[in-house]
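See structure below.
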Amino acid sequence: MADRSLAERLARRIRGEGPISLADYMAAAMGDPDFGRYAAGQPLGATGDFVTAPEVSQVFGELIGLWCAVVWRRMGEPARVHLVELGPGRGTLMADALRAIAGVPGCRAAFKVHLMETSPTLRQLQATALACVAPIWHDDLSTVPEGPLIAVANEFFDALPIRQLQRGPHFWHERRIDLVAAEDGFRFVLDAAPSPFAALLGSAFQGASEGSIAELCPAGLTLARTLGERIVRSGGAALIVDYGYANSMPGDTFQAIRGHRRHDPLVDPGMADLTAHVDFARLAQVAVEGGAAVHGPIAQGALLTHLGAEARTAALAARAAPDQAERLRSGLRRLIDPLEMGSLFKAVAIADPRQDVPPGFEA
Ligand code: SAH
């Protein structure tokens, strides 16, 4: 019989194969073709689960566009650069970025736009928002052609599936998702055997006390490594903005947001947005291992301020109607105020070691 919900589908799977990894649970909750968050609804925006920086203010995407243009200039203005956005959501950031880039002679024509997106629902919204540039969609980076690349990702890495390990008396053990007896509810269980993923944990986890939780994002690490290697091989840079911590540390950051509120991540999978904080130190480490230079992480508020967010907002507000001007000013505050998005959100740049420090990251 067909499943009526993702909870039912996952319960059937767990009965068949035993407890599943948190990564499998997250991937299904977000990406299941029938019941995943991105299939069932539209998680972004005022009517969805959460609002992202490009949806708060157009200045965010515009400044990132100018960041890309400056990187392109410093590269010597190559005739062809792949401009790649990872997880473009509704296409708002890219649309704002391209509008700003249009003011830089030669730059817009040099950029070929690529969107890495798995959600068919969001691909449709991106196609509408970016109809004028004929973007090319990808499931992953492997199909983006070789050559110089500038990549941007906002609130993308937090959405990638993680694994959680818990420290036992002697070893790290993987936390998996099992069924609550005789019901379709879910609970965490611990593997009895030590986890082979413990080998991927950095030095910050040595000596962790019993019961500590370590999070690993294998998909995120693979991407950071690939971006680093490509940038070293062909030139370019990547700008990653997300919420997370600057230094690796134990802790459970797995969370669910539904309709702008916290939600139990093990209840009603597919109905809420599941994420984890990004471990920027670990991402930086793998990119450096690939030969790239890494700058930051710095606070999002600092990056936007260095890139001229205040002046840009003031210029826009001066030309806008009073209510629109107020929206621009309050949007900027929300993006840079340390009590709002300004400090939990951070930015890191993966860069070409032969090039200068990217804009906004200079000390
Ligand atoms: N950058 C956008 C959207 C953030 S939400 C913004 O700032 O508004 C996360 C985005 O990543 C969504 O577009 C989601 O569909 C996409 N995504 C999540 N996992 C993905 C994966 N494994 N591969 C490609 N895209 C993914």
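Scan Ala208, Ala198 and give me the residue that is within 30 Å of Ala153 (Cα to Cα), surrounded by 14 or more Cβ atoms within 10 Å (Cβ to Cβ) and in contact with a strand residue (DSSP E or B) (Cβ under 9 Å, 6 or more places away or on another chain). Spell out how you get there, then give the answer.
Numbers: Ala208 fails: within 30 Å of Ala153 (Cα to Cα).
Just one listed residue meets the conditions, Ala198.
Does Phe188 satisfy the condition of being in contact (Cβ under 8 Å) with a residue 40 or more places away in the chain, closer than 29 Å to Phe345 by Cβ, surrounded by fewer than 18 Cβ atoms within 10 Å (Cβ to Cβ) and out of contact with any helix residue (DSSP H, G or I) (no Cβ under 6 Å at 6 or more places or on another chain)?
Values: in contact (Cβ under 8 Å) with a residue 40 or more places away in the chain: yes; closer than 29 Å to Phe345 by Cβ: yes; surrounded by fewer than 18 Cβ atoms within 10 Å (Cβ to Cβ): yes; out of contact with any helix residue (DSSP H, G or I) (no Cβ under 6 Å at 6 or more places or on another chain): yes.
So Phe188 fits the description; yes.
Step by step: first the residues of region 73-132, then only those that are within 16 Å of the ligand (Cβ to nearest atom) and among the acidic types (Asp, Glu), then the one that is surrounded by the fewest Cβ atoms within 10 Å (Cβ to Cβ). Which residue is that?
Restricting to residues being within 16 Å of the ligand (Cβ to nearest atom) and among the acidic types (Asp, Glu), the top hit is Asp96.
Out of region 229-251, which residues are charged (D, E, K, R) and in contact with a helix residue (DSSP H, G or I) (Cβ under 6 Å, 6 or more places away or on another chain)?
Asp242
Determine which single condition Arg333 fails, assuming it passes every other condition in (1) in contact with an Asp or Glu (Cβ under 8 Å, 6 or more places away or on another chain); (2) in a loop (DSSP other than H, G, I, E, B).
(2)
In region 295-327, what residues are touching a residue at least 60 places away in the same chain (Cβ under 8 Å) and either buried (at least 20 other Cβ atoms within 10 Å of the Cβ) or not in a helix (DSSP H, G or I) (or both)?
His295, Gly296, Ile298, Gln300, Leu303, Leu304, Leu307, Gly308, Ala309, Arg312, Thr313
From the list Val189, Val241, which residue is closer than 25 Å to Val84 by Cα and hydrophobic (A, V, I, L, M, F, W, C)?
When all the criteria are applied, what remains is Val241.
Check every one of the strands (runs of 3 or more DSSP E) wholly within region 218-270 and list those with 3 or more residues that are out of contact with any Gly (no Cβ under 9 Å at 6 or more places or on another chain) and farther than 24 Å from Gly185 by Cβ.
236-245
Condition test on Ile150, is it hydrophobic (A, V, I, L, M, F, W, C), buried (at least 19 other Cβ atoms within 10 Å of the Cβ) and away from the ligand (no atom under 16 Å from the Cβ)? Steps first, answer last, please.
Details: hydrophobic (A, V, I, L, M, F, W, C): yes; buried (at least 19 other Cβ atoms within 10 Å of the Cβ): yes; away from the ligand (no atom under 16 Å from the Cβ): no.
Answer is no for this residue.
Bear in mind these aren't lab numbers, they're just calculated from the coordinates by the rules spelled out. On a predicted model such as this, the values are computed, not experimentally measured, just so you know. Counting neighbours? That spans all protein chains shown, and the Cβs are built from the backbone with ideal geometry, glycine included.
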